[in-house]
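Take a look at the structure set out below.
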Amino acid sequence: MARDRVAIAHDYLTQRGGAERVVLALSRAFPAAPIFTTLYDEDGTYPEFRDLDVRTTALNRLSVFRRDHRAALPLLPIVSSSVKIDADVVVASSSGWSHGFRASGKKLVYCYSPARWLYDGSTYLGDSARAHQALALRLLGGPLRQWDRAAARSADRYLAISSVTQKRIKDAYGIDARVLPAPVNLPTDTSPEEADPALEPGYFLAVSRLLPYKNVLPIIEAFGRMPYRRLVVVGSGPQKATLQNRATANVAFLEELTDAQMASVYRRCSGLVAASFEDFGLTPLEAAAHGKPCAVLRWGGFLDTVIDGQTGLYFERPLVSDIVAAVEELSEREWDPIRLKAHAQSFGETVFVSKIRTYVQELLMESDLPVHH
């Protein structure tokens, strides 16, 4: 088999989230590139992957792992080390595993964060952690960190999704990474499909995986104190049942929406609310792309993607009282949709693709190899 010019690597394709969107953007930047991953669930992630060359490991034969990649935690270092990619440049989209895939050529890592499960396991797994997952982290934490740092050192270049991730990479690995923001999914001019015709405009929106560190619960509780306002939560995850049980009548839940439906949901909202400990503040940019402002936690990736007072507001703590105050202030202010949309445009896929191709070209030039997109 001929050696690939460029190959793409990703931890696992089992979810619909920002990281998976980045992989789709990478596939558009390098259409001939195969995608290597540990696990692939066609129904769990974006349908566009079905038309791409996705190559998985033997672990993918077990449906239990496709349904819940966290269950495979003790096995993933071994499986990841067994992946061998024969390509001139491997672009590894990684939050913990694909940077450990073995590459015959150069390796460029696009890092969302050094592994949350490894350096912040209690926050990542939360109360939903299974006993074997918690035990695995306790017993294997030291060896896993050694494996992780060796995997990081195998890279020729490191890119960070945000400035907070850049600092974490420096702290965890001693590597100086450049920041390249993820591409935002900008709306098209086509008339979007309605997510729910009965969903009256004017609600506030929370778009998130339903995990502990995403802090969706305090947002729901905040709207419990504001019965005159409505909240729509879009997402799925282990906390779903808990959140639904705590939600008041003015909170609705949606999941597994198409891109067109998501565009409709953003377009009809009054603003976005996010209280998560986020590596990259993607959802405020998606809201801004539809001319909508946001109220977000002053932390992490949001610091790179929200301009205070122009595209949104910050609140200081993921507490109910702070969220209530921020939503009330967001509602009282007037926001400029043109400025919001222009801000989102500066994070568009065209910018991302141009820069990632430049980084790949640099690595190919180091190997005296021409690049072909």
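Quick note: the coordinates plus some simple rules give every number you see, no bench work behind them. Please read these numbers as outputs of a predicted model, since none were measured by experiment. In this analysis, Cβ positions are derived from the backbone assuming ideal geometry, glycine residues included, and neighbour counts consider all displayed protein chains.
Restricted to Cα atoms, segment 60-118 shows a radius of gyration and a Dmax of 12.3, 34 angstrom.
Taking other C-beta atoms within 10 Å as the exposure proxy, 184, 22 rank 22, 184 from fewest upward. Of the peptides 51-60, 33-42, the ranking by mean beta-carbon count within 10 Å, highest at the top, reads 33-42, 51-60. Between 14, 248, 188, the GNM of the chain built on Cα springs shorter than 10 angstrom shows 188 fluctuating the most.
The distance from the alpha carbon centre of segment 1-26 to that of segment 320-369 is 20 Å, rounded to a whole number. Among 336-342, 250-256, sorting by the average number of other beta carbon atoms lying within 10 angstrom of each residue, highest first, gives 250-256, 336-342. 3J(HN,Hα) along segment 82-93: 7, 6, 10, 10, 9, 8, 5, 9, 9, 9, 9, 8 Hz, from the Karplus curve 6.51 cos²θ - 1.76 cosθ + 1.60 with θ = phi - 60°, whole Hz, x for Gly and Pro.
Of 10, 343, the sequence from fewest to most neighbouring Cβ atoms within 10 angstrom is 343, 10. Ordering 101, 315, 49 by the number of other Cβ atoms within 10 Å of each residue's own Cβ, fewest first, gives 49, 315, 101. Near residue 160, the amide H atoms lying under 5 Å from its own belong to 111, 178, 179, 180; only residues 5 or more places off or on other chains count, and H is placed 1.01 Å from N. Put simply, the amide H of residue 252, placed in the peptide plane, has neighbours under 5 Å in 231, 232, 233, leaving out anything fewer than 5 places away on its chain. For the chain, modelled as a GNM with alpha-carbon contacts under 10 angstrom, which of 74, 212, 143 fluctuates the most? With Cα springs under 10 Å in the chain, the top fluctuation among 74, 212, 143 is at 143.
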